[in-house]
1. Calculate how large, on average over all directions, the projected area of the Cα convex hull of the range 6-70 is; give the answer in nm² to one decimal.
2. In debye, nearest 20: dipole of the chain around its Cα centre with unit charges on the Cβ of K, R (+) and D, E (-)?
3. Which one, M10, N43, L53, projects farthest toward the positive side of the charge dipole computed for the chain from Cβ point charges (K/R +1, D/E -1)?
4. For the range 21-30, just list the computed ³J(HN,Hα) in residue order, Karplus coefficients 6.51, -1.76 and 1.60, θ = phi - 60°, integers in Hz, with x standing in for Gly and Pro.
5. Of K9/K38; K34/K55; K7/K34; K5/K55, which pairs sit farther than 23 Å apart, going by alpha carbon to alpha carbon?
6. Tabulate in residue order the Karplus-calculated ³J(HN,Hα) for the range 51-59, using 6.51 cos²θ - 1.76 cosθ + 1.60 with θ = phi - 60°, rounded to whole Hz; enter x for Gly and Pro.
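Read the figures in this text as sums done on the coordinates, not as results from a lab. If you're wondering where the values come from, they're calculated on a predicted model, not measured in any experiment. Don't worry about glycine lacking a Cβ; one is built from the backbone with ideal geometry, like all the others, and counts go over all protein chains shown.
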Amino acid sequence: MIRVKHKDKMNEFRKLTTEELNKKISDSKEELLKLRMKQATGNLENPARMHELKKDVARCKTIIREREIEG
């Protein structure tokens, strides 16, 4: 697995439109819910994925908020 650095990932997200960012947030939250269910049943294979998704949601929300502030 190739690890993407924080700045690279932020730049990747900045290229997306606000609508695409909102879609990414909803998709990530949906996947997080599924992973939480797997974790509860003890079938979670990659717990680091949950952390990654949470970070992605936060990054997307940060970019959306920056755009709101800029006007």
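1. Details: hull surface 18.2 nm².
If I average the Cα hull's projected area over directions, I get 4.6 nm².
2. On the way: 19 positive and 13 negative charges, 50 e Å.
Its charge dipole is roughly 240 debye.
3. N43
4. The phi angles translate into 5, 4, 5, 4, 4, 5, 5, 5, 5, 5 Hz.
5. Working: K9/K38 27 Å; K34/K55 17 Å; K7/K34 28 Å; K5/K55 12 Å.
Violating the 23 Å Cα-Cα cut-off are K9/K38; K7/K34.
6. 4, 4, 5, 4, 5, 4, 4, 4, 4
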